[in-house]
Amino acid sequence: MLRLIPAWWCLQCRRASLFPLNVRRCVTVSTAENQQTVEALYDLSVDIQKVRKLRGWVLHQSPAYAKEVADMLKDLGASEAAISHILTAHPEAVLCSPEQTLAQKELWTSVCPNRKELVGIIEKFPASFFTSSRHHDNQRSNITYFQSLNLNKRIIAKLMAGAPQSFSRPVEQNEDMVRTLRRTYRELGGEEDNMKIWLQKLLTQDPFVLLKAPQVLRQNMLFLRDKGFTTPELLFLLSKLKGFVTDLNPDSMRLTLAFSRDTLGCSEEELRHIILSCPALLYYREDILAERFRGLRDAGVGVRQIAQTPTVLELTTQIVKYRIQRLESHGFDVRTAGLDVLTGTKKDFEIRFGKLQVRRQRPLFNPVAPLKGDD
């Protein structure tokens with residue numbers, strides 16, 4: 001007899017709704033823990049206390065297949081430490097029957113035949129691998145579709161891992177979004193020969209782009225066109241901005257652009273150039289930008305300097321403050337030295353900082369000074 005899981009039970013895990021219902025079809029729930037599951041997980045060095053705290057409902061269900069799942073992972077080449085990590089992070093995996101895990105294994109190896117790489121994907125995205133078999137047909141159809149676009153297997157595997165929902169839904173929905181992306185790319189002057197590379201880059205940077213409604217992309221492009229961005233500039237933004245289609249909308253961009261223009265005291269044309277130099281500026285809310293502007297102003301940085309190096313706004317106030325203090329402790333003043341040294345990743349900063357130190361230590365050549373030589 002089928003026993004339904006009460007709604008309060010699933011509230012203990014936000015991802016419970018994503019867990020395959022058919023996995024639970026023959027599952028019974030008890031107030032007591034399934035000791036066989038607990039002992040099997042102990043033997044696999046799984047952090048039981050963490051499982052109880054975050055996914056305790058899993059330990060109360062029967063049947064469970066901890067040993068079978070572990071054997072499948074071992075067969076892929078997973079180490080004991082990797083198996084322990086996977087089952088601690090995603091204990092729901094033990095509720096997948098051997099038939100389901102075998103089906104997923106066959107599906108994933110079709111796009112990721114390298115078993116070592118596949119284990120790495122499962123470690124990082126266990127919930128993407130241990131999904132419902134009722135989505136298997138959709139997954140297979142979507143794999144076939146993306147292969148027809150000449151996307152390589154590695155890209156497809158990354159899409160499946162990063163945005164599994166896009167592979168669980170009907171293939172027609174992905175076809176519609178990809179059609180819109182390709183049509184927009186052509187309308188903006190993108191070259192057909194570069195279409196595949198552009199699409200691969202876009203999907204890799206933001207796999208969730210497939211889950212957004214196609215009309216959102218059109219609305220964003222029309223809004224920026226009305227703001228004066230040219231066709232080549234729109235293509236640049238579409239290619240550069242991660243999450244452009246999924247995260248942004250005309251209302252949020254309108255507020256950000258207005259705040260940035262007023263704060264920087266620039267014209268609309270100047271603001272467009274600033275955005276093209278730092279496309280990520282479109283993402284930040286007013287309160288975040290206000291905090292970052294304030295932090296730079298408190299450090300003595302002028303608005304004009306910020307406009308000349310807007311990428312400094314990509315950094316949090318804490319990072320900017322630390323880097324300025326580091327420079328000042330070695331006698332450098334960003335107000336005169338420029339903001340370029342502050343921008344970029346930690347590695348970028350260390351490289352630029354090192355070059356500044358070398359430049360300061362290098363002796364200057366005096367062309368009129370007498371050369372040292374033998375008397």
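Bear in mind that the values in this text are calculations on the coordinates, not laboratory data. Note that the structure is a prediction, hence the values are computed from the model and not measured. Reconstructed Cβ throughout: ideal geometry from the backbone, glycine too, with neighbour counts over all protein chains shown.
Roughly what angle does helix 98-109 make with the longest principal axis of the chain, taking Cα atoms, 0 to 90 degrees, to the nearest 10?
Orientation of helix 98-109: about 30 degrees from the principal axis.
Short version: what are the Cα gyration tensor semi-axes of the chain, square root of 5 times each eigenvalue, largest first, in whole Å?
49, 29, 22
Is it possible to state the helix-based mean residue ellipticity at 222 nm for the chain, with each DSSP H run of 4+ residues giving -39500 (n - 2.57), the sum divided by total residues, to the nearest 500 deg cm²/dmol? What is it?
Helix contribution divided over all residues of the chain: -18000 deg cm²/dmol.
Sort 124-132, 185-193 for me by packing, meaning the mean count of neighbouring Cβ atoms within 10 Å per residue, highest on top.
124-132, 185-193
Near the amide H of Gln61, under 5 Å away, which other amide H atoms are found, from residues 5 or more places off or on another chain, if H is placed in the peptide plane?
Here the answer is Asn34, since their amide H atoms fall under 5 Å of that of Gln61.
When the Karplus curve 6.51 cos²θ - 1.76 cosθ + 1.60 is applied with θ = phi - 60°, which whole-Hz ³J(HN,Hα) does each residue of the range 195-201 get, with x for Gly and Pro?
Here the 3J(HN,Hα) series is 4, 4, 5, 4, 5, 4, 5 Hz.
Could you compute Rg(Cα) / (2.2 N^0.38 Å) for the range 161-264, with N its residue count?
Cα Rg divided by the expected 2.2 N^0.38 Å: 1.11.
Do you know the relative contact order of the chain, to the nearest whole percent, from alpha carbon pairs under 8 angstrom that are 6+ apart?
About 9 percent, as a whole number.
Using a 10 Å cut-off on Cβ atoms, rank the peptides 194-200, 75-81 from the highest mean neighbour count down.
Ranked from most to least packed, the peptides come out as 194-200, 75-81.
What FRET efficiency comes out for Gln173 versus Leu102 if R0 is 35 angstrom and r is the Cβ-Cβ distance? Round to the nearest 0.05.
Efficiency, rounded to the nearest 0.05: 0.80.
Using the structure shown, list the pairs from Lys105/Lys158; Lys240/Lys347; Lys74/Lys347; Lys105/Lys196; Lys321/Lys347 with a Cα-Cα distance above 26 Å, or answer none.
Going by Cα-Cα distance, Lys74/Lys347; Lys105/Lys196 fall outside the 26 Å limit.
If you line up the long axis of helix 66-76 against the longest principal axis of the chain, both from Cα atoms, how many degrees apart are they, to the nearest 10?
It is inclined by approximately 60 degrees.
First obtain the Kirkwood hydrodynamic radius of the range 94-153 from its Cα pairs, then insert it into the Stokes-Einstein equation at 20 °C and 1.002 mPa s, and state the resulting D in µm² per second as a whole number.
The Stokes-Einstein estimate is 177 µm²/s.
With label points built 7 Å along Cα→Cβ from the Cα atoms of Lys196 and Leu54, find their separation and express it in nm.
About 4.0 nm, to one decimal.
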